[in-house]
Amino acid sequence: MKLVSVNVGQPRPILWMGKEVLTSIYKEPLAGRTPLRRFNIDGDKQSDLSVHGGADKAVYGYPSEHYPFWRGELAGVELSWGAFGENLTTEGLGEQDLSIGDVLRVGTAHLMVTQPRIPCFKLAVRLGVADMAKRFLASRRSGFYFAVVEEGEVAAGDAIEIVERATERMSVRELTDLHVTKSPPPELLERVLRLRGLAEVWRNEIAADLAARGKLG
């Protein structure tokens with residue numbers, strides 16, 4: 001397993017439904033080693049911290065193995081590394097293999113898997129495909145968000161190693177499937193709440209769902 005590309009971007013304005021909004025989804029590959037810090041990679045900056053960034057979404061990884069699929073689906077769309085807004089383009093990692101709470105060593109940094117990506121409209125704007133968010137979610141090729149457990153440095157070509165597997169396990173793919181399920185069983189939601197490293201926004205939403213059903217507390 002290895003790191004194929006490190007990608008960064010700065011906020012830029014785009015026009016969406018007649019309004020100007022900022023996005024940092026336009027990423028470019030970075031040459032050389034760069035520090036990976038608690039909330040981001042040096043040279044990168046999130047635009048809307050209400051939905052991006054923070055400790056649970058400090059870094060976004062996307063498998064290079066998904067690119068051939070999307071090149072077949074999105075004829076004529078240029079897809080260079082970073083096209084999906086990922087900070088880390090990876091090789092050898094899959095949503096079905098990684099569990100929430102798994103810890104990886106990437107370069108000299110340690111990262112914990114926290115959640116899958118649920119895309120917003122900015123992905124559609126970035127790729128010029130109106131229904132891209134819907135297609136992305138349906139594909140289950142979500143990629144994975146990481147929290148930074150230990151800061152370090154990363155560069156393209158660095159090895160990736162899973163150094164600690166979570167005891168209570170649920171794959172990134174399984175959590176995406178749960179997200180699109182209309183009414184998942186309470187016992188499945190309770191299992192999710194036992195996952196270490198689960199992003200706080202997911203934990204809060206699931207706890208609220210269980211409480212509304214009278215299944216929590």
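Readers should treat all values here as calculations from the given coordinates under stated rules, not as data from a laboratory. Please read all numbers here as calculations on a predicted model, not as lab measurements. Please note: Cβ atoms are built from the backbone with ideal geometry, for glycine as well, and neighbour counts cover all protein chains shown.
So is Gly54 surrounded by 13 or more Cβ atoms within 10 Å (Cβ to Cβ), among the small types (Gly, Ala, Ser) and on the phi > 0 side of the Ramachandran plot or not? Yes: the conditions hold for Gly54.
Filtering region 118-166 to residues that are within 18 Å of Asp44 (Cβ to Cβ), among the small types (Gly, Ala, Ser) and part of a loop (DSSP other than H, G, I, E, B) leaves Gly143, Ala155, Ala156.
Hey, can you tell me all the residues within region 78-93 that are part of a loop (DSSP other than H, G, I, E, B) and in contact (Cβ under 8 Å) with a residue 60 or more places away in the chain?
Kept after step one, since they are part of a loop (DSSP other than H, G, I, E, B), are these residues of region 78-93: 78-87, 92-93.
Residues satisfying the conditions are Trp81, Gly82, Gly85, Glu86, Asn87, Gly92, Leu93.
Exactly one residue out of Gln115, Gln10, Gln96 is without any contact (Cβ under 8 Å) to a residue 40 or more places away in the chain and either part of a loop (DSSP other than H, G, I, E, B) or crowded, with 16+ Cβ neighbours inside 10 Å (or both): that is Gln10. Filtering Phe39, Phe136, Phe69 for residues that are among the aromatic types (Phe, Trp, Tyr) and crowded, with 21+ Cβ neighbours inside 10 Å leaves a single hit, Phe136.
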